[in-house]
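The values are calculated or read from the model by the stated rules, or taken from the named source; none is laboratory data. Fair warning: this is a prediction, and the values are worked out from it, not measured in the lab. All Cβ positions, glycine included, derive from the backbone under ideal geometry; neighbour counts span all protein chains shown. With ligands, DNA and RNA removed, areas are computed over all heavy atoms of the protein, side chains included. Shrake-Rupley method; radii C 1.70, N 1.55, O 1.52, S 1.80 Å.
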Amino acid sequence: MGFLERLENLIQGAVEGGTSTVLRNKLKPVEIEAQLERAMRDNTQTSRGGRLAPTSYIVWLHPDTYRETIAGVEGYNHHCEMLLNQFAMQNGYTMLHQRISVTFDADASLGRRDIHIETAFASSPSAAPASNAHYTAAFNQTQVLSVPRQESRWHLRVIQGGQSQVFQIPEGISRVGRASDADIVLKDEANTVSRQHAVINRYGEEIRLRDVGSKNGTKVNGNYVPSHLETLLTDGSEIAFGQCIVRIERR
């Protein structure tokens with residue numbers, strides 16, 4: 001091998017090595033999500049009703065990291081909000097406010113892989129645990145009292161492939177699947193609905209759906225939705241969980 005060829009290989013190796021290092025050092029969304037879950041866990045406070053979790057999260061990133069990772073990704077903050085709702089539900093946390101808020105901003109003083117998260121407890125007369133039960137809380141007294149649930153105007157109607165049923169869609173997260181402990185239990189003769197098929201997340205008049213890795217997938221108005229990404233639902237949306245088809249209705 002001649003000198004020029006060896007030199008060319010050395011340069012190519014250096015360039016490829018530098019590129020690999022840059023790719024390895026690039027912050028990934030999953031790392032941000034892990035830090036959000038850690039921020040929720042580390043900032044919970046003790047109340048009579050259990051562990052009280054923050055509901056407001058501001059994520060600060062280096063401007064370049066923000067552009068590379070967050071900017072232009074539609075609905076990523078809603079995706080993070082749903083993940084935190086699930087994390088709270090899994091850990092039995094209660095919250096002072098029904099809705100979790102995640103926002104992103106840039107800070108040039110941070111390193112490219114730094115993640116700085118500010119948390120806060122929203123001031124609200126009502127609190128809801130992630131299990132969808134409704135509560136009223138006086139945060140200064142750390143007291144949690146249960147109150148009756150209001151009837152939802154949003155419903156999910158089974159129209160094909162399963163037993164004719166109508167389910168209310170309450171505020172917060174509802175788990176959909178054929179498992180008996182799901183919030184919305186759907187079954188079809190061919191068992192095409194997974195035990196844990198999807199989650200529906202309702203914030204006021206906004207409803208979003210996320211497939212959680214079901215075997216046969218989920219369609220909204222005839223189109224498959226990407227697994228683990230949120231899809232906005234509206235009045236009249238038709239959803240296929242396997243062969244079981246339902247319709248979203250607002251009364």
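Given a Förster distance of 30 Å, report the FRET efficiency between V30 and N221 from their Cβ-Cβ distance, rounded to the nearest 0.05.
Efficiency for this residue pair is about 0.55.
Taking only protein heavy atoms into account and a 1.4 Å probe, give the accessible area per residue of segment 199-251 in Å².
Value for segment 199-251: 47 Å² per residue.
Under 18 Å Cα-Cα from K187, which lysines qualify once same-chain neighbours fewer than 8 residues away are excluded?
By straight Cα distance, K187 reaches K215, K219.
In whole percent, how big is the carbon plus sulfur part of the accessible area of segment 162-251, probe 1.4 Å, protein atoms only?
42 percent
So which GluC sites (Glu not before Pro) in segment 174-209 are both in a DSSP loop and have at most 10 other Cβ atoms within 10 Å of their Cβ?
E189, E205
Within the accessible area of segment 37-110, what % is carbon and sulfur when the probe is 1.4 Å and the other protein chains stay in place?
Reported share for carbon and sulfur atoms: 43 percent.
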